[in-house]
Amino acid sequence: VDSGHYRHPFFTKRGYRVAPVVLGPAAANPTKDESGHGTGESANIFAVAPDVQLLPVKMSFVNSKGAFDAAVALQPDIITCSWGSSRRNPPLSAANQALAASVAAAWASGIIVVFSAGNGHWGFPGQHPDVISAGGVFLDEDESLRASDYASGFMSNIYPNRRVPDVS
């Protein structure tokens, strides 16, 4: 679930399997990824799992819950979302409570849910307890892994004893 997926020759040349883009509520033009974020994130997915089939869901960012629910309806094994908002303290807004409920329902149905830990902020729903929270790292010059300068790492104030990220 992201800004879409552009069928770039990079993906075609490598034989990556990408299903047609599903539009979430208020999203338009399934052949375009206006910001490139979703396409870039799909490259990350294929870098670690080249044999997967990607089922891209394009969101409008006005209705993230609706797009997430559209992804759940596809019954995938994994839903990955490299987006979210910053929520340091409770209470959650009604919209975030509804998204949290959708995340919990997806997990309860057997779907693995991955969200970004955040870009230097208090990532939500990355801190949700039913989520695998992903942080950002890169390979340093000495080939060691190093957290990116804007990677998030924190103890959640919303979900007690929840440390973010789970994996980087």
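Placing +1 on the Cβ of every Lys and Arg and -1 on the Cβ of every Asp and Glu, with nothing else charged, gives the chain a dipole about its Cα centre of roughly 460 debye.
Quickly rank 80-90, 41-51 as a protection proxy: mean count of other C-beta atoms within 10 Å, highest first. All intermediate terms of the calculation are to be shown ahead of the outcome.
Details: 80-90: 17.3, 41-51: 13.9.
Ranked from most to least packed, the peptides come out as 80-90, 41-51.
Highest mean first, the peptides 100-106, 70-76 sorted by other C-beta atoms within 10 Å per residue fall in the order 100-106, 70-76. Listed by number, the DSSP H helices of the chain that run 27 Å or longer by alpha-carbon position along their axis and have mean Kyte hydropathy of at least -0.5 come to an empty list. For the chain, build the charge dipole from Cβ charges (+1 Lys, Arg; -1 Asp, Glu) around the Cα centre, then report which of HIS5, PRO165, LEU92 sits farthest towards its positive end. Result: LEU92. Using the basic label-point model (7 angstrom from Cα toward the beta carbon), what is the SER144 to ASN89 distance in nanometres? Between SER144 and ASN89, the simple spin-label model gives 3.7 nm. Rounded to the nearest Hz, the phi-derived 3J(HN,Hα) couplings of the range 125-133 under the Karplus curve 6.51 cos²θ - 1.76 cosθ + 1.60 (θ = phi - 60°) are x, x, 8, 4, x, 8, 10, 7, 8, where x marks glycine and proline. Residues in the chain average 55 Å² of solvent-accessible surface per residue, probe 1.4 Å, ligands and nucleic acids excluded.
Solvent-accessible area of the chain (1.4 angstrom probe, protein heavy atoms only): carbon and sulfur portion equals 54 percent.
In a simple Cβ point-charge model (Lys, Arg +1; Asp, Glu -1; nothing else charged), the range 82-168 has a dipole of about 540 debye relative to its Cα centre.
How big is the antiparallel share of DSSP beta bridges in the chain, given as a percent to the nearest 5? Don't skip to the end; give the middle numbers.
Details: 7 of 20 bridges.
About 35 percent, rounded to the nearest 5.
As a size descriptor, the averaged projected area of the C-alpha convex hull of the range 1-158 was calculated at 9.9 nm².
What value, in deg cm²/dmol to 500, does the helix sum -39500 (n - 2.57) over DSSP H runs of n ≥ 4 give at 222 nm once divided by the residues of the chain?
Numbers: 4 runs with 42 residues, N = 168.
Rounded to the nearest 500, it is -7500 deg cm²/dmol.
Using only side-chain charges placed at the Cβ, +1 for Lys and Arg and -1 for Asp and Glu, the dipole size of the range 35-103 relative to its Cα centre rounds to 340 debye. Straight-distance candidates among the aspartates and glutamates for linking to LYS32, with alpha-carbon spacing under 16 Å and chain neighbours fewer than 8 residues away dropped: ASP2, GLU41.
Ordering of 118-129, 53-64, 140-151 by packing is 118-129, 53-64, 140-151, highest average first (other Cβ atoms within 10 Å, averaged per residue).
The values are calculated or read from the model by the stated rules, or taken from the named source; none is laboratory data. Worth saying up front: this structure is predicted, and the values here are computed from it rather than measured. Glycine gets a Cβ as well: all are built from the backbone with ideal geometry, and neighbour counts include every protein chain shown. Just the protein is used for accessible areas: all its heavy atoms, side chains included, with ligands, DNA and RNA removed. Shrake-Rupley method; radii C 1.70, N 1.55, O 1.52, S 1.80 Å.
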